[in-house]
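Only one structure is covered here, and it is reproduced in the block below.
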């Protein structure tokens, strides 16, 4: 599975970078913790992926979610029900960080199944044609999401935190996904957007190293100016990681 290959390739690369950054000389005993953390595949509150590329936690979850979705694909309705119940039981009663974030795989499988169903039933490029005023609907959905997200509280799949209610978590995620779909289809397709979309996984794998460099960057005190500078830095990181991703893509195609 490509996701697992991406995970191991970039985890090993991150361990090498971490090792030579943190240690002088060869001491292979120091490698035991990052390697076991990589194999267990959970970052969580304990920050178990000590190689400092924490965002890689998403790939193990993506692998287990995809496998669960494939097992449920023959009956979407039953699959969605199973994914919801599976997530509900794990979150409210079991509270165990299973390897490769298997405890949260139901949450990922739920949305993979919804995406598959939408792809089968609806032509994405004609989605907005069914709506008379998509901008108004987007505004209403954004308001609803802000209110419901506030009610549900903090959410973080990395730490298996779905807020106060699994039901609200799924509802908010559906609303958020719908907002993204509607907004994306109001934006004209262009070469840059296509390049970003086809290199998203690589950008995700390497962006954290450039984000960490921001601790040396200048940020003004005034809120609005600080926000604008932050957006500028984010765009710079996106473009830089995109260029790197395009350059290393041919090499990875031979490995993945």
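The values are calculated or read from the model by the stated rules, or taken from the named source; none is laboratory data. This structure is a prediction, so every number in the text was calculated from the model and none was measured. When we count neighbours, we look across all protein chains shown, and the Cβ atoms used for this are built from the backbone with ideal geometry, even at glycine.
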Do we find a residue being modelled with pLDDT under 95 and loosely packed, with under 12 Cβ neighbours inside 10 Å anywhere in the stretch 96-117? yes
Would you mind telling me which numbered condition in (1) surrounded by fewer than 15 Cβ atoms within 10 Å (Cβ to Cβ); (2) at pLDDT below 90 residue 178 fails? (1)
Condition test on residue 35, is it surrounded by fewer than 18 Cβ atoms within 10 Å (Cβ to Cβ), at pLDDT 95 or above, not in a loop (DSSP other than H, G, I, E, B) and not assigned by TED's automatic domain parsing to the domain that holds residue 157? no
Does residue 137 count as out of contact with any helix residue (DSSP H, G or I) (no Cβ under 8 Å at 6 or more places or on another chain) and at pLDDT 80 or above? no
Per-region count, the stretch 150-181, residues without any contact (Cβ under 8 Å) to a residue 40 or more places away in the chain, more than 18 Å from residue 111 (Cα to Cα) and either assigned to a helix (DSSP H, G or I) or out of contact with any helix residue (DSSP H, G or I) (no Cβ under 7 Å at 6 or more places or on another chain) (or both): 5
Of all the residues that make up the stretch 192-240, how many are in a helix (DSSP H, G or I) and touching a residue at least 40 places away in the same chain (Cβ under 8 Å)? 13
